[in-house]
Amino acid sequence: MSRTPYHIYIPTPSPQPVPRRDKPSRAREVLLITVALVIAAGVIGGFYVVANHVPLPFAFPGEQPTPAPAIKPVAALQQIQFIYPNASVSVSSPLSDELDLVTNVRSGNPARTQPKLATQILSLYMRGYSHQTFWRWTDIEDVSGSRTIFEVHPTELWTIQMNPYSCPTWEIYTLSPQDLIALGVSEQDYTSGVPSHPGQGVPPNIVSSC
């Protein structure tokens, strides 16, 4: 008597659906890729700057990039004294948020007769007190009592000539603080090719009997 073979049936598991990625996961992945690309670009750019000695811009608060970095006030005054040895160098504080430069010429020519020197002094002074938005420098001749006041405004440089025997006169040069710093760094002066015109009457905030 033959036996009927029997088969054992093993069910085949049905294929499981591939889990779908939710939108937050995809957004996170895109964000990580973007961050990685930004970091890579920054590293490449840094290597390029170092390898090619590209100068980085420096900015004063609220101002456009300038061609030279800010320096410490003490360093600025020391450098001014070095290039202007015939004058004593100090600062005064007419306002709590403003320090004015004062130089007293003991002998020799004052800076106003040397525009290149005056521009370098202004550039150093402004870099040393870069937090200010207005700069005033008074250059005093001790013997004659005359003085020259340099005022750096947002778009102009005023040079005011004062002496004990006549009314003040002033000249207005179309120069921004950044222009002055650039001229000082490149050893040029504020009078070369710069538009200017004389001021009318007595300069504002100047005490005069005229």
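The values are calculated or read from the model by the stated rules, or taken from the named source; none is laboratory data. Remember, it's a predicted structure, so these values are computed and weren't measured experimentally. Please note: Cβ atoms are built from the backbone with ideal geometry, for glycine as well, and neighbour counts cover all protein chains shown.
Step by step: first the residues of segment 86-109, then only those that are part of a strand (DSSP E or B) and small (Gly, Ala, Ser), then the one that is modelled with the lowest pLDDT. Which residue is that? It comes out as SER93. For TRP135, the criteria (1) under 20 Å from ASP97 (Cβ atoms); (2) of a type in the set (A, V, I, L, M, F, W, C); (3) surrounded by fewer than 20 Cβ atoms within 10 Å (Cβ to Cβ) hold in every case but one, which is (3). Of the numbered criteria (1) within 23 Å of SER107 (Cβ to Cβ); (2) of a type in the set (Val, Ile, Thr); (3) touching an Asp or Glu at 6+ places or on another chain (Cβ under 8 Å), the one ILE140 fails is (3).
Results for (1) under 24 Å from SER88 (Cα atoms); (2) surrounded by 18 or more Cβ atoms within 10 Å (Cβ to Cβ); (3) not small (Gly, Ala, Ser), shown as yes or no for each residue.
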residue	(1), (2), (3)
ALA111	yes, yes, no
LYS116	yes, no, yes
VAL143	yes, no, yes
ILE149	yes, yes, yes
VAL152	yes, yes, yes
THR159	yes, yes, yes
ILE172	no, yes, yes
PRO177	no, yes, yes
PRO198	no, no, yes
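I'd like to verify a number: residues in segment 176-207 that are touching a strand residue (DSSP E or B) at 6+ places or on another chain (Cβ under 6 Å) and within 14 Å of THR119 (Cα to Cα), how many? Total meeting the criteria: 5. VAL102 passes every criterion in (1) free of Cβ contacts under 8 Å to residues at least 40 places away in the same chain; (2) crowded, with 20+ Cβ neighbours inside 10 Å apart from (2).
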